[in-house]
């Protein structure tokens, strides 16, 4: 169902931040006034087929529904270490907390589970990599209330980007809560006299309003750059190089997977190695978080939800997952 255009006075200040062309395109797509990219035959079948009712029926008939609901509520913390040769010495050991794909209106209990996990963690910044909501809405007080609960548990600067389920009109109320959105923008992080550039782009999966070059335009020459992009297909599509680490979500790790973790990737431009965890493109690492919530249904199978805590280290070496911890008993 198409939504009315958000009130111009609400989103107009975002025009220059997002970029006039991306701003206009996103508004048109949000309102259904412009067609989204053409779907492949397989995507059309998935789009129009009753996939989710069929999934509910299959989980119920197989007796797996109770397990899938329990796993959905079993939030994990995944700790990683990422080696970056270009990382300034002052940022050696810098920690980034990544929260992705909350889809809060699928299960409002996600907010309390995330907040409960955050209280015991130490980190230098927190980032949200999109999809705060599941059902497109122009404004939802319950989303603001749920995000307020999560943000009350955070104790460091917070940044965010929009996902393919999010709407521009969510930005002002969430920024009022303390999230610094990066809408094809970047910001310089300072530590011990060194600079790390944090860039964020708009959704590259469905809206395709991302502009990595714009997000890095003000970065100092040669600056180490961490890119926030909702979907990992940004690595295939962006023209700009020089990104040292990309942090993404969108795939949910497949959400409902076969034993061993095989599941849908969530897009034709997303490869299987980008479904979850670390991957490499253009000689630099990327990471896909499975997300704390789930799309459309409060179920997960062989793919538990997660919040990720990344520790940056200066030097060479393959990134690795230190450990993935279940919630406290």
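The values are calculated or read from the model by the stated rules, or taken from the named source; none is laboratory data. Keep in mind the model is a prediction, meaning the values are calculated, not measured. Counting neighbours? That spans all protein chains shown, and the Cβs are built from the backbone with ideal geometry, glycine included.
In summary, residue 226 fulfils each of the numbered conditions (1) within 21 Å of residue 100 (Cβ to Cβ); (2) out of contact with any strand residue (DSSP E or B) (no Cβ under 8 Å at 6 or more places or on another chain) with the single exception of condition (2). In summary, residue 112 fulfils each of the numbered conditions (1) more than 17 Å from residue 72 (Cβ to Cβ); (2) over 15 Å from the mean Cα position of the chain (by Cα); (3) surrounded by fewer than 21 Cβ atoms within 10 Å (Cβ to Cβ) with the single exception of condition (1). Restricting 273, 316 to those that are out of contact with any helix residue (DSSP H, G or I) (no Cβ under 6 Å at 6 or more places or on another chain), free of Cβ contacts under 8 Å to residues at least 40 places away in the same chain and farther than 22 Å from residue 114 by Cβ reduces the list to 273.
Of all residues in the stretch 217-232, which are closer than 18 Å to residue 291 by Cβ and either surrounded by fewer than 24 Cβ atoms within 10 Å (Cβ to Cβ) or at pLDDT below 95 (or both)? None - no residue of the stretch 217-232 is closer than 18 Å to residue 291 by Cβ and either surrounded by fewer than 24 Cβ atoms within 10 Å (Cβ to Cβ) or at pLDDT below 95 (or both), so the list stays empty. Pairing each residue of the stretch 223-242 that is in a loop (DSSP other than H, G, I, E, B) with any residue that is surrounded by fewer than 24 Cβ atoms within 10 Å (Cβ to Cβ) and modelled with pLDDT under 85, provided the two are 6+ apart or on different chains, yields C-beta distances under 6 Å for 233/267. Scanning the stretch 117-162 for residues that are surrounded by fewer than 19 Cβ atoms within 10 Å (Cβ to Cβ), touching a residue at least 60 places away in the same chain (Cβ under 8 Å) and over 24 Å from residue 183 (Cβ atoms) turns up just one, 121. If you go through the stretch 184-199 and pick out every residue that is surrounded by 18 or more Cβ atoms within 10 Å (Cβ to Cβ), touching a residue at least 60 places away in the same chain (Cβ under 8 Å) and in contact with a strand residue (DSSP E or B) (Cβ under 7 Å, 6 or more places away or on another chain), you end up with 4. Residues that are under 26 Å from residue 83 (Cα atoms), buried (at least 22 other Cβ atoms within 10 Å of the Cβ) and free of Cβ contacts under 8 Å to residues at least 60 places away in the same chain within the stretch 245-264 comprise 246, 251, 253, listed in sequence order.
Across the stretch 24-73, the number of residues qualifying as within 23 Å of the chain's Cα centre (by Cα), part of a loop (DSSP other than H, G, I, E, B), over 30 Å from residue 14 (Cβ atoms) and at pLDDT below 95 comes to 0.
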